[in-house]
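FYI, it's all coordinate maths here, none of it is from the lab. Here the structure is a predicted model, which is why all the values come from computation and not from measurement. Ideal geometry is used to build each Cβ from the backbone, glycine not excepted, and the neighbour counts take in all protein chains shown.
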There are 2 protein chains.
Amino acid sequence: MNDDSSRCRSNCPINFALETFGDKWTLLIIRDMMFKGKRRYGEFLASAEGISTNILASRLQRLEASGLIVSSKDPANRGVALYQLSPKGKDLLPVMLAITSWSGRYDALSSAPAAFLEELESDREGLTRKIRAAMEQT
Amino acid sequence: MNDDSSRCRSNCPINFALETFGDKWTLLIIRDMMFKGKRRYGEFLASAEGISTNILASRLQRLEASGLIVSSKDPANRGVALYQLSPKGKDLLPVMLAITSWSGRYDALSSAPAAFLEELESDREGLTRKIRAAMEQT
DNA sequence: CTGTATCCTTAGGGATACTG
DNA sequence: CAGTATCCCTAAGGATACAG
């Protein structure tokens, strides 16, 4: 039944993560949902990195298939799709914070404010809870 | 001079990380160095995922160019190269831990022992310091 | 605006032969 | 064993046209 094993290179957790979101675009969509509150197709398209329409559609499908996001139809807006993080997707928050912290330390161009990075370093667990609580409200 | 800006999609820290190690192979090499103590070409080749020789050579070059690893010649062994994590590479430890924790929660096949994952959850900072200290000794 | 479909180019990468 | 080089194929992805 579960013959996806043919596509699974190993049982390593790092490898599992790479096969789930290890490409150049997926984490950017996660970022847009997690930190920028984006929920619609056009909002993702508008991000600075310039994802193209076919790639965005492909990634949204893949993200939903792997359970990181859920889509719903917005009845107030011609049944247009709204994309949101699932709990599984929201649980990527510590990964995103760790990445942000690392980049802030080594990339002079990364635009994350120094104060934000300092807070990340000094109280990572507390900030995690805070952001998570904020996200749960929506 | 620094016209690499043409290859930089944005100044976002998530994007910076993706452009540094956001492919299907790089983090596996980091993992081998960080958690398995591998240092030589043949050791990376032998990992379960089956990286091919040209990709491995390409990734080792890229990793050294971006400063995540350093290579040295082993005078005791025909001047063969030894690859090790730089401080910048070792600082990816929190990223690796966060990924491992997430995969352990959602991938039934991930082989990380439950006890290890529980320890990650209950005392992530402490474990981070412990593993880091262990790595610094070499 | 929200997608889908198509065309086409390039980069990623598998297999393998080869050299020191 | 430690790499390099080559061949070739597939998947990723950019551009753009098109449809609801």
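Residues B:Ser71, B:Ser122, arranged from fewest to most other Cβ atoms within 10 angstrom of their Cβ, appear as B:Ser122, B:Ser71. In a DSSP loop and with at most 11 other Cβ atoms within 10 Å, the trypsin sites (Lys or Arg not before Pro) in the stretch A:50-90 are A:Arg78.
Starting from the label point of A:Ser66 at 7 Å along Cα→Cβ, the same points in the other copies fall at 1.8 nm, in ascending order. Straightening the chain between B:Glu118 and B:Tyr41 buys 24.4 nm, computed as 0.36 nm per residue apart minus the Cα-Cα spacing.
Take each residue of peptide B:89-95, count the partner chain Cβ atoms within 10 Å of its Cβ, and average: the result is 4. Going 7 Å from the Cα of A:Leu109 along its beta-carbon direction, which residues of the stretch A:21-39 have the amide nitrogen within less than 18 Å of the resulting point? Residues A:24-25, A:28 fall inside that zone. A crude spin-label estimate for the pair A:Ala76 and B:Ser86, with each label 7 Å from Cα along the Cβ direction, gives 5.0 nm. The rotation axis taking chain B to chain A passes closest to the C-beta of one chain B residue; that residue and the distance in whole Å read B:Ala98, 2. Which entries of A:Lys24/A:Lys73; B:Lys24/B:Lys88; A:Lys24/A:Lys88; A:Lys73/B:Lys24; A:Lys36/A:Lys73 have Cα-Cα distances beyond 29 Å here? Distance filter (> 29 Å) returns A:Lys73/B:Lys24.
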